[in-house]
Amino acid sequence: MGFPASVPMAAALVEARAAGERGEVPVGAVVVDPAGRIVAASGNRTRELADPTAHAEILAIRAACAAIGSERLPGHHLYVTLEPCAMCAAAIGFARIARLYYGAPDAKGGGVDHGARVFAHPTCHHAPTVYGGIGEAAAAALLTDFFADRR
């Protein structure tokens, strides 16, 4: 991969913090190519773009696909601060992401290890190798602080 998992997750956390500062739910995502280079990064922009699909993962995948000129990202890794929802999990599968690293689990809205468990379905065309809990404490703290400020 080229560097420890903490480096791209740190970049995803930067994106998450920036999203929170914009008033978005603080989730960040980074796509890393097979050589270990970050090729795309984004944070949530659903409010800013008035687009319910503008999750960090979707935006980072779109940017990575544009950067390499392909609709698929074989061999690429995705780092995201929160367990992806079912929509994002499906997009990860369609993009053929090789490995997914996520920070905080999402018992309510997750689609990977909770909820829909998209990659466990027999109709799933591609399932990445999944690693949860990478940078979990920092990712969870961002979310907890964000929602505490709004209650």
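The values are calculated or read from the model by the stated rules, or taken from the named source; none is laboratory data. Bear in mind the structure is a predicted one, so any value in this text is a computation, not a measurement. Glycine also receives a Cβ, built like all others from the backbone with ideal geometry; neighbour counts cover every protein chain displayed. Quick note on the areas: whole protein, heavy atoms, side chains included, nothing else; ligands and nucleic acids left out. Shrake-Rupley method; radii C 1.70, N 1.55, O 1.52, S 1.80 Å.
Just a few scattered comments:
- Where only C-alpha atoms are counted, convex hull volume of the stretch 1-106 per residue in Å³: 84 Å³
- Computed from label points 7 Å out along Cα-Cβ, the spacing between Phe147 and Glu71 is 3.6 nm.
- For the stretch 1-55, the equivalent ellipsoid derived from the alpha-carbon gyration tensor has semi-axes of 24, 12, 6 Å in decreasing order.
- For the chain, size of Cβ-based charge dipole, Lys and Arg +1, Asp and Glu -1, in debye: 180 debye
- Positive end of the dipole of the chain (Cβ unit charges, origin at the Cα centre): among Gly93, Ala29, Ile58, the Cα lying farthest that way belongs to Gly93.
- Accessible area per residue for the chain is 47 Å², calculated with a 1.4 Å probe on protein heavy atoms, without ligands, DNA or RNA.
- Using only alpha carbons, the stretch 45-151 has a radius of gyration to Kirkwood radius ratio (Rg to Rh) of 0.97.
- Estimated from helices alone, the mean residue ellipticity of the chain at 222 nm is -11000 deg cm²/dmol (sum of -39500 (n - 2.57) over DSSP H runs with n ≥ 4, per residue).
- Carbon plus sulfur fraction of accessible area for the chain, probe 1.4 Å, in percent: 56 percent
- Charge dipole of the chain about the Cα centre (unit charges at C-beta), most positive-ward option of His121, Gly43, Ser6: His121
- Charge dipole (Cα centre; +1 on Lys/Arg Cβ, -1 on Asp/Glu Cβ; no other charges) of the stretch 1-84 amounts to roughly 120 debye.
- Span-like helix criteria (full DSSP H runs; alpha carbon extent of at least 15 Å along the helix axis; mean Kyte-Doolittle hydropathy of at least 1.6) are satisfied in the chain by 56-68.
- For the chain, the relative contact order works out to 20 percent when only alpha carbon pairs closer than 8 Å and six or more residues apart are counted.
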